[in-house]
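These notes are about the structure you will find just below.
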Amino acid sequence: MCIGYILALVVIFSQVFNIFTKTKLCEQIVYMEKHHGKIIEYTLRKNDYNISDLAKSMKVNRRTLYNWFTHEKIKKEIVFQIGCIIRHDFSQQFPEMFSSEDFTIINMPKKRRIASDEGNFWKNKYLSLLVEYNKIAERHLRIV
């Protein structure tokens with residue numbers, strides 16, 4: 001009877017060990033299948049980053065960015081540059097490439113955001129003037 005318990009424990013242990021090794025194998029496969037371009041594109045789109053602005057900041061054209069989105073592997077330097085420009089810590093998505101200390105620059109004061117806020121000011125100003133213009137034009141058309 002004691003031997004039966006021992007055999008049962010051995011079977012359970014071997015099954016747990018197989019599950020553990022299969023899990024490790026799955027993690028390695030997921031690591032191998034990680035598509036850098038798709039991850040970067042998803043991050044940009046999820047956070048509403050402007051592709052044109054990113055391209056200008058990187059001194060490349062938009063087509064180059066879209067080409068990078070199709071690449072399964074992207075150079076560490078490019079990923080780092082994108083992360084710094086958009087102020088995103090890619091060490092979470094690419095722990096094999098970066099540590100969180102690599103992206104300490106993103107915690108620095110945000111100068112780019114000020115320019116963006118200024119752009120929003122002028123955009124809002126333009127839209128309010130456009131609404132006023134349309135009201136005046138509509139009144140003018142009623143009179144004529």
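Laboratory data are not the source of any read-out in this text; all were calculated from the coordinates shown. Just so you know, these numbers come straight off a predicted model, no measurement behind them. Virtual Cβ from ideal backbone geometry, glycine too; neighbours counted across all protein chains shown.
Structural remarks
- A crude spin-label estimate for the pair ARG142 and LEU130, with each label 7 Å from Cα along the Cβ direction, gives 2.3 nm.
- For TYR133, TYR49, the sequence from fewest to most other C-beta atoms within 10 Å is TYR133, TYR49.
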